[in-house]
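Working notes, beginning with the structure itself.
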Amino acid sequence: MAGIAGSRSDPGIPLTWIEIGSVASALAEIPSAALRAVRLQIVGSGQGSVPTRDILTEIAVLVDEIASGTFHIDARAVPLADVETAWTDTATDQRIVITP
């Protein structure tokens, strides 16, 4: 996180860090410098980060969207080894998904 936070061309643009697992560690340490350097938003994605009733409400809507063929996310998968190149790519508005 420190490497990402310190290398952003515009630290004013929010950086959303989504915690999706604990394979690397049960702890997610955040360098205090990262908190001061960027507009950092930390989001959990586990069971409990969103109430079950909200998930159940949205599932039907999501299924309808997927089935209609109108659901599209403009995203690009980028291997972790290429994160530096992807991070500096300003020629696209695609969402970047870092993969192991």
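Every number in this text was worked out from the coordinates using simple rules, so none of it is lab data. As the structure is a prediction and not an experimental result, all values here were calculated from the model. Please note: Cβ atoms are built from the backbone with ideal geometry, for glycine as well, and neighbour counts cover all protein chains shown.
Below is a table of values for the structure above.
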item	result
Estimated vicinal HN-Hα couplings, Hz - the range 15-30 in sequence order (Karplus 6.51, -1.76, 1.60; Gly, Pro = x)	10, 9, 9, 9, 8, 10, x, 10, 4, 6, 5, 7, 10, 10, 6, 10
Student exercise, the chain dipole from Lys, Arg, Asp, Glu Cβ charges, in Debye to nearest 20	300
Separation of the Leu80 and Val43 label points, Cα + 7 Å toward Cβ, nm	2.1
In Å, descending, principal axis extents of the Cα set of the range 2-72	43, 29, 19
